[in-house]
Amino acid sequence: MMIEELKSDAEARMSKSLDALANAFNKIRTGRAHSSLLNGISVDYYGVDTPLSQAASIVVEDSRTLSVTPWERSLVPDIEKAIMKSDLGLNPSTAGTVIRIPLPALTEETRKTYGKQAKAEAENARVSIRNIRRDILSDVKDLLKEKDISEDEERKANDDIQKITDRFVGRVDESLAAKEKDLMEI
C-alpha cells in the first residue's frame, strides 16, 4: 500500500517535470508562428502583472505572422514594449490597435542555438526525473529499514519505479525529437 502511494507520487512529480519541459519548449521559437510563443510575456494591466493571453487576443495570421489585439487600446504601447523586451528577438509593428509580429526566418545558426537550448532543457527534465527516482528509492529503502516491507517487495518496488522512470525519460526523448524536427523544418 505505501509502495503504491510512492509510485503514484513518483508519477505525479515526473509528470510535472514533463509539463515544465513542454513550457520551456514553447518558449523556443521554431520557424512557424504559434500563439504559445508569447506565453512567457506579461504586461502591466491595472497594476497587475498579467499574462499577455489574458490582456489581448493572439491570432496566427499565417505561418510567419502573429497578430495581437489588446482588449483595451491603452495597452498597445505596453504590449509592444513587453514583446520587444522579451528574449524572443521579435520586432512588433502596430497599425491602430492591432500589433503584428513578423517572425524572421530562422538561420542555420539560430536553429543550432535553439537545438542546443532544447537539448539542455530536455537534459534538465531527465535530471529532474532521475532525482525524483532517487528520492522515491530512498523512501523505499527506509520502508525496508523500518521492516514495513520485505526485501522482495523492495526489489519489486525498485523495478516498478525504474519502469516508471524509463517511461518518463522516453517521453522526454520523444518531446525533444519532435522539437528538433520542428526546428529543422523550413
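Only the coordinates and a few stated rules stand behind these numbers; no lab work does. Since we're looking at a predicted model, the values are computed, not measured. Note that each Cβ is placed from the backbone with ideal geometry, even for glycine, and that neighbours are counted across all protein chains shown.
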Low-density loop positions, chymotrypsin sites (Phe, Trp or Tyr not before Pro), the range 1-70 - DSSP coil, at most 13 other Cβ in 10 Å: Tyr46
Range of Cα positions in the range 6-58 per principal axis (Å), largest first: 44, 33, 14
Relative compactness, the range 35-102, computed as alpha-carbon Rg over 2.2 N^0.38 Å: 0.98
Once the Cα gyration tensor of the range 22-146 is diagonalised, semi-axes √(5λ) in Å: 38, 20, 10
The range 16-33 and the range 74-152: distance between their alpha carbon centers, rounded to Å: 6 Å
Inter-probe distance in nm under a simple model that places probes 7 Å from Cα toward Cβ, at Asp152 and Asn131: 3.7 nm
Net charge of Cβ neighbours under 13 Å - reference Ile83; Lys, Arg +1; Asp, Glu -1: +1
FRET efficiency, 1/(1 + (r/R0)^6) with R0 41 Å, evaluated for Val48 and Ser8 via beta carbons: 0.70
CD proxy at 222 nm, helix term only [per DSSP H run n ≥ 4: -39500 (n - 2.57); per residue of the chain; nearest 500]: -20500 deg cm²/dmol
Residue pairs, from the table Lys16/Lys116; Lys27/Lys119; Lys116/Lys163, whose Cα atoms sit over 18 Å apart: Lys16/Lys116; Lys116/Lys163
Radius 14 Å from Cβ of Arg134, net charge of other residues (Lys, Arg +1; Asp, Glu -1): +1
